[in-house]
Amino acid sequence: MTQESAYKKAGVDIEAATEAVERIKSHVRSTFTQETISDIGLFSGLTSLQRIKKYKAPVLVQSIDGVGTKLMIAEAVGRFDTVGQCLVNHCVNDILAQGAEPLTFLNYVVSLKLKPEVNEEIVKGMAIACREVGCAMVGGETAEMPDVYRKGRYDLVGCITGIVERDRVIDGSKIEKGDVLLGLSSSGLHTNGYSLVRKALKTAGLEVDEYVKELGCTVGEELLKIHKCYFSQVYPLIQKLDIHGIAHITGGGLVANIARLLPEGEGLYAKIVFNWPIPPVFRMIQEIEKVPWSEMRRVFNLGIGLVLIVSIEQVKSIRVALGGDCRVLGVIRQDEERNEKVIFQ
């Protein structure tokens, strides 16, 4: 009989970690680009900067984020193939908001007890999303942390690096009175607000495998919908048009994420007409928890996952390019006496 290692008795299974790495190798390699130099197994990832030759003044754009307690829904359903895609897409959208294209992606997957098959499912999802935007997954960390995480609990974090031309950085500084806000539809909750969502499920006594007619699917299927990636839609527009601002609607909802773009001290504010069709999942949460719509707008995307702020002259061109997935939300106005940066009517 083989003696169990002291480290395994302490809660860390080296053999499981080795198996996990073997399982994900093909998925990770499938994301490698022509700039990827290193293979899996080194202490860090190596990427050629050959691509920056096409830039006159290249700027690195970096972001790090997680999927929050959406992972708890994945755990409850026993399905982990969407959260990896959600993580990558979230990070891609964040750097897209500054006008960047993605170069590399790093991941961090941690739990109390490592399950190689679950880890593979998560990383496989990441690889799918990375391939769709030409982003190389060049490294990651898989860890077991006994006494830190509860049984069955996972945490998932991603770090992305992208690149943009210095004079094409989108930071909101060009936003001016008369600009128009255009909203692109979300695929659902995306990756924020899940603490309130889980509370609503508990209040209503809903199970993740329960079919809800209004949703047209089970609760779990709705809550695990993949966070939409806007890169293929928006990046081509960035190359041709002068986009003044891009807000990725994540934590903080519509209010905080639009407000953070508006320059300080100029009295600019966004006036939004709140009249678009709200997806059923948001109405369900609002009704269960009796949440005021003013708070709902500060927590959720309410069906609008990305907001473009553009000059009125470019509205028609952008709406044509985006087809049906584009809605006029409102306009930028100016009033130096107004404190609120985002108002709804």
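The values are calculated or read from the model by the stated rules, or taken from the named source; none is laboratory data. Nothing here was measured: the structure is a model prediction, and the numbers come from that model. Neighbour counts run over all protein chains shown; Cβ positions are idealised from the backbone, glycine included.
For beta carbons closer than 7 Å, sequence separation of 6+ or different chains, a first residue in region 204-216 that is over 15 Å from Gln286 (Cα atoms) and among the aromatic types (Phe, Trp, Tyr) and a second that is at pLDDT 95 or above and surrounded by 16 or more Cβ atoms within 10 Å (Cβ to Cβ), the qualifying pairs are Tyr211/Thr218. I'd like the full set of residues that are assigned to a helix (DSSP H, G or I) and either surrounded by fewer than 20 Cβ atoms within 10 Å (Cβ to Cβ) or over 19 Å from the mean Cα position of the chain (by Cα) (or both), limited to region 258-295. Matches in region 258-295: Ala259, Pro280, Arg283, Met284, Ile285, Gln286, Glu287, Ile288, Glu289, Trp293, Ser294, Glu295.
Among the candidates Lys240, Lys290, the residue that is more than 17 Å from Arg327 (Cα to Cα) and at pLDDT below 95 is uniquely Lys240. All of (1) touching a strand residue (DSSP E or B) at 6+ places or on another chain (Cβ under 8 Å); (2) within 23 Å of Cys130 (Cβ to Cβ); (3) surrounded by 20 or more Cβ atoms within 10 Å (Cβ to Cβ) hold for Cys229 with one exception: (1). Can you name the residue in region 235-257 that is within 17 Å of Ile170 (Cα to Cα) and polar (S, T, N, Q) and is also nearest to the chain's Cα centre (by Cα) among such residues? Here the answer is Asn257.
Residues that are charged (D, E, K, R) and touching a strand residue (DSSP E or B) at 6+ places or on another chain (Cβ under 7 Å) were ranked within region 103-142; the one that is nearest to Glu165 (Cα to Cα) is Glu141.
Of all the listed residues (Ser173, Ser195, Ser187), the sole one being assigned by TED's automatic domain parsing to the domain that holds Asn275, of a type in the set (Ser, Thr, Tyr), surrounded by fewer than 19 Cβ atoms within 10 Å (Cβ to Cβ) and not in a helix (DSSP H, G or I) is Ser187. Residues considered: Val255, Val328. Of these, the only one that is assigned to a strand (DSSP E or B), in the same structural domain as Leu215 (by TED's automatic domain parsing) and among the aliphatic types (A, V, I, L, M) is Val328.
Restricting attention to region 232-244, which residues are buried (at least 21 other Cβ atoms within 10 Å of the Cβ) and within 25 Å of Pro279 (Cα to Cα)? Listed by number, the list holds a single entry, Val234.
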